[in-house]
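Report on the structure given below.
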Amino acid sequence: MFVVFAGTAGSGKSSLVASFSDWIRKEVGLKISVVNLDPGAEALPYQPDFDIRQLFTIREIMQKYGLGPNGAFLKAAELLGEYSREIIRHKVFRSFSDYILIDTPGQLEMFLFRPEGTQFLKKLERLRPVLIVYIVDGSLAPHPEDLLTSYMLSLMLQAKSELQVVTVINKVDLVSEEDMKTIRLLIENPEEFAKSVADKVGGIAGDMIMDLIKIVEMYAPPERAILVSAKTKEGLRELYDLVHEVYCSCGDLT
Ligand code: GTP
């Protein structure tokens, strides 16, 4: 299975790819390959088996086309489309690894706001099942409106890609017990989440939370909250169990 790590900038995708690949190799003894699809990465905490930076980097695109960093990510999305056949021909995508973990850029232009990223994942799906692990930065929990915004992007990604998406909260080592309850409510009982935070947020944003949560209730699949820390490795067993359940299609994910 391809397990694609997506999420907003700095949510911990690269850190989680590094610690999760390491954890599975050591604790489960499976063969894991790792792919970097982030052309903007400067240093990676893992050794990739395929690295998109062999083909292009954000720095090179900025220089060659005279673009700023965000424009360069839009151009990178186009290049991902152009190079997609060549990338998929790389041996890692046809290897016998049990799981191939894929790191993506935090600038969501490539995988959310442009078609090329999801088109690329659709091509991958012809080789093996694809699961998107959407990472929400748990340190947003003191600001429930930011937590909700990030979570809603995962629903949009699911709708757009028509691929299975599971939501994982990272950086729980930074999250208080109280905030953990808020996170669990958002994923497992959105209506209660809205009631508990709307007053705290207040103003138009508070009213919007009540309305937006109705959309969450309509479109979010029933899920259990998976809280992990790429730093301390807590929760990685639960993440592995979830990925394995999807792989085996063992039933719903609540
Ligand atoms: P972009 O690719 O730039 O979007 O970043 P990313 O999502 O790959 O995040 P990255 O792994 O680079 O982590 C961003 C920052 O968060 C780094 O300083 C990490 O050390 C830190 N970080 C990542 N995971 C955790 C975690 O579980 N706990 C804590 N405390 N910090 C974390």
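The values are calculated or read from the model by the stated rules, or taken from the named source; none is laboratory data. Computed from a predicted model, the values in this text were never measured in an experiment. Positions of Cβ are generated from backbone atoms using ideal geometry, with glycine treated the same way; all protein chains shown enter the neighbour counts. Note: areas computed on protein heavy atoms with side chains; ligands, DNA, RNA excluded. Shrake-Rupley method; radii C 1.70, N 1.55, O 1.52, S 1.80 Å.
See the values below:
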{"item": "Leading residue at positive end of dipole, the chain (Cβ point charges), from 166, 46, 11", "result": "46"}
{"item": "Electrostatic dipole magnitude of the range 1-121 [Cβ: Lys, Arg +1; Asp, Glu -1; Cα centre; debye, to 20]", "result": "200"}
{"item": "Potential extension, residue 146-residue 196 segment - 0.36 nm per residue separation minus Cα distance", "result": "16.5 nm"}
{"item": "Reference-scaled alpha-carbon Rg (2.2 N^0.38 Å with N residues) for the range 96-141", "result": "1.34"}
{"item": "Overall dimensions of the range 182-254 by Cα: Rg and Dmax, Å", "result": "15.0, 45"}
{"item": "Label-point separation, residue 89 to residue 218 (7 Å along Cα→Cβ), nm", "result": "4.5"}
{"item": "Within the accessible area of the chain (1.4 Å probe), percent carbon and sulfur", "result": "51"}
{"item": "Percentage relative contact order, the chain, counting C-alpha pairs under 8 Å, at least six apart", "result": "23"}
{"item": "Trypsin sites (Lys or Arg not before Pro) restricted to DSSP loop in the range 147-228 with at most 16 other C-beta within 10 Å", "result": "224"}
{"item": "Relative intensity, log₁₀ I(q)/I(0), of the chain from a Debye sum that treats every alpha carbon as a point, q = 0.10, 0.15 Å⁻¹", "result": "-0.48, -1.08"}
{"item": "Full-extension gain in nm, residue 211 to residue 119, via 0.36 nm per residue minus C-alpha separation", "result": "30.0 nm"}
{"item": "Cα centroid separation, the range 60-125 to the range 194-254 (Å)", "result": "26"}
{"item": "Sites residue 30 and residue 204 - FRET efficiency at Förster radius 51 Å, r taken between beta-carbons, to 0.05", "result": "0.60"}
{"item": "Sequence-separation-based contact order of the range 12-139, relative, with Cα cut under 8 Å and 6+ spacing, percent", "result": "30"}
{"item": "Cβ-placed point charges (K, R +1; D, E -1), dipole of the chain about Cα centre in debye, nearest 20", "result": "1100"}
{"item": "Charge dipole (debye, nearest 20) of the range 60-139; +1 at Cβ of Lys and Arg, -1 at Cβ of Asp and Glu", "result": "400"}
{"item": "Ordering of 51-60, 86-95, 129-138 by burial proxy (mean other Cβ atoms within 10 Å per residue, highest first)", "result": "129-138, 51-60, 86-95"}
{"item": "Computed label-point distance, nm, for sites residue 22 and residue 78 using a 7 Å Cα→Cβ extension", "result": "3.9"}
{"item": "Accessible area per residue in Å² at 1.4 Å probe, computed on the chain", "result": "46"}
{"item": "Positive-end extreme of charge dipole, the chain - chosen from 34, 105, 176 (charges on Cβ)", "result": "34"}
{"item": "For the range 123-254, alpha-carbon Rg relative to the globular expectation (2.2 N^0.38 Å, N residues)", "result": "1.07"}
